[in-house]
Amino acid sequence: MDSYDIKLTRQAKQQLMGIRKYIEEELLSPEAALNTIRKLRSEIRKLSDMPQRIKTIREEPWGSEGIRKIHVNNYYVYFWINEPEQTVIVTAVIYAARDQIRQLEQMKKE
């Protein structure tokens, strides 16, 4: 069984930094920020093994484009699979309480 490389788009990296900064500075909880980012990164790393086990999302046109998501604590991690390059590309990390359709419309599939 082949392992997939994991790549985060610039947008996904910025979103992770924003999550950490918000929890540290607005919620005044550096430890919670660190734990949240560790958990997100851990779950993202797990996508290197059989990422196809996650179904594509139902929302269109993203589902037809192969976008998938996992739920990690209070966040959705959106990604797609580049099969020829055996790579999982994480495109967005979005707080679950936000309007997901609106967030998807702003997502870049880099």
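Since every read-out is calculated from the coordinates, none of them should be taken as a lab result. Owing to the predicted nature of the structure, the values given are computational and were not obtained by experimental measurement. FYI the Cβ positions are ideal-geometry reconstructions off the backbone, even for glycines, and counts take in every protein chain you see.
Annotations
- Farthest toward the positive end of the dipole of the chain, out of Val88, Ile19, Tyr4, is the Cα of Ile19, where the dipole comes from beta carbon charges about the Cα centre.
- Net charge dipole size for the chain [Lys, Arg +1 and Asp, Glu -1 on Cβ; Debye, nearest 20]: 140
- Identified option (computed P(r) over Cα pairs in 10 Å bins from 0, in percent; candidates [x] 14, 48, 30, 8, 0; [y] 11, 33, 35, 14, 6, 1; [z] 13, 47, 36, 4): [x]
- Pairs from the table (Lys7/Lys46; Lys13/Lys55; Lys21/Lys69) lying more than 18 angstrom apart at Cα are Lys13/Lys55; Lys21/Lys69.
- Contact order for the chain, expressed relative to its length and based on alpha carbon pairs under 8 Å spaced 6+ residues apart, stands at 31 percent.
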